[in-house]
Amino acid sequence: MKILQFAILLSAGAMVAVISPAAAETPITTIVAHHGSVYQTDKAGDPTEGFLEVDNTGAADTLVAANCPIADTTQIIGPDGKPLTSVAIPALQNVTLTAKGIHLLLEGTHFSVQYGSIIPCSVTFRNAGTLSIFLYATPKP
């Protein structure tokens with residue numbers, strides 16, 4: 001049975017997950033989920049979109065979920081506007097969630113998201129586990 005040691009480090013505005021395997025044949029996965037942004041809203045209940053960058057300096061991983069407690073639901077949305085069940089994070093690559101690409105959709109917000117607000121969220125990766133991030137509220141273009 002392989003035993004994994006897990007550590008989360010807060011580093012320069014990003015959450016870092018490092019999984020270091022006890023067994024040498026298991027690849028090391030290192031994911032950095034940078035704090036991102038979310039569009040401000042006019043009132044409670046309004047949906048909003050969230051964005052962030054994910055850096056992978058190790059083996060391939062997969063983003064499988066997101067959760068922002070200020071909303072009833074947080075989904076990963078594809079460029080076509082349809083929900084995704086996962087997003088591949090290739091080895092040694094960066095993946096950016098953007099307004100015209102893959103992004104987070106927060107629906108059923110419990111209060112209005114005001115400019116300058118800091119929204120706590122988490123993102124979950126198949127190998128790296130769950131990382132906490134903050135989304136900073138900005139005006140919608």
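State, to one decimal in nm, how far the label point of Val64 lies from the label point of Asp80, with both points 7 Å from Cα in the Cβ direction.
Going from the Val64 label point to the Asp80 one covers 2.4 nm.
Just to confirm a number: summing +1 for Lys and Arg and -1 for Asp and Glu over residues other than Leu63 whose beta-carbon lies under 13 angstrom from that of Leu63, what do you get? Spell out each step's value before the answer.
Details: positive: Arg126; negative: Glu53, Asp55, Asp61.
In short, -2.
Within a Cβ distance under 13 Å of Asp46, other residues only, what is the Lys/Arg minus Asp/Glu net charge?
On the way: positive: Lys43, Lys140; negative: Asp42, Glu49, Asp72, Glu107.
Residues near Asp46 contribute -2 overall.
Okay, which of the stretch 50-68 sit inside 14 Å, backbone N to the point 7 Å along the Cα-Cβ direction of Tyr136?
The answer is 51-53, whose backbone nitrogens lie closer than 14 Å to the label point.
Taken together, the values in this text are just the output of simple stated rules run on the coordinates, not laboratory data. None of the values given here were measured: they were computed from a predicted structure. With ideal geometry, Cβ positions are generated from the backbone for all residues, glycine too; neighbour counts draw on all protein chains shown.
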